[in-house]
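Some notes on the structure that comes next.
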Amino acid sequence: MSSASSSVRRIAATVLAAGAIVSAAALPAAAHDGDRHHQQRPRVEISRVQADSPGREDRSNRSLNGEWVEITNTTRNPINLRGWTLRDNDGNRYRFDNVRIGSRATIRIHSGHGRDTRTDLFQDRRDYVWDNRSDTATLRDDRGRTVDTETWGRRR
């Protein structure tokens, strides 16, 4: 009876040890997945906003181009922004054409007129887009999913 009892204890100890190992491996992975979901940086993000154009706001092209939003690619690979949009709270929308943003690169989207380059894009507007006191810039991908937002001032 003592050898049967000893065998049962060994089997029970083995089962308990296996269960503890499986639990220990699964718990940190599950906790990590939840944290990663909330802490992961977007692949493309709104990195800076200059809503209040420096100097006099006289609707000149120079003043309009003094307000801008910077978008940064945080990955090691270039990303094509074709079909992506940048919007404000009032529904003003800028739609990206065939714009490729390089690895870890930043592009600046100005409100006024200008010639698009690798680092600067122009909305070709005749009026300001971003509210100086409070607004939200929303970047959406080509499927309409919100990628990033930047809010300043009081929320409306």
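The values are calculated or read from the model by the stated rules, or taken from the named source; none is laboratory data. Keep in mind that this is a model prediction, so the values were computed, not measured. All Cβ positions, glycine included, derive from the backbone under ideal geometry; neighbour counts span all protein chains shown. These accessible areas exclude ligands, DNA and RNA; they are computed on the full protein's heavy atoms, side chains included. Shrake-Rupley method; radii C 1.70, N 1.55, O 1.52, S 1.80 Å.
The HN-Hα couplings worked out from phi for the range 141-146 by the Karplus form 6.51 cos²θ - 1.76 cosθ + 1.60 (θ = phi - 60°) are 7, 5, 9, x, 7, 5 Hz, whole numbers, x standing for Gly and Pro.
One Cα centroid belongs to the range 71-95, the other to the range 109-156; the line between them spans 9 Å. Couplings for the range 105-119, taken from phi via the Karplus curve 6.51 cos²θ - 1.76 cosθ + 1.60 with θ = phi - 60°, read 9, 10, 10, 10, 9, 8, 7, x, 8, x, 9, 4, 10, 5, 10 Hz in order; Gly and Pro are left as x. Using θ = phi - 60° in the Karplus curve 6.51 cos²θ - 1.76 cosθ + 1.60, the 3J(HN,Hα) couplings for the range 121-127 round to 10, 10, 7, 6, 9, 10, 9 Hz; x is entered for Gly and Pro. Average accessible surface for the range 86-156: 65 Å² per residue, computed with a 1.4 Å probe over protein heavy atoms with every protein chain in place.
Taking each residue as 0.36 nm, the span from residue 120 to residue 154 lengthens on full extension beyond its C-alpha to C-alpha distance by 9.4 nm.
Descending by average beta-carbon neighbour count within 10 Å, the peptides 47-60, 78-91 line up as 78-91, 47-60, the highest first. Near residue 120, the amide H atoms lying under 5 Å from its own belong to 108; only residues 5 or more places off or on other chains count, and H is placed 1.01 Å from N.
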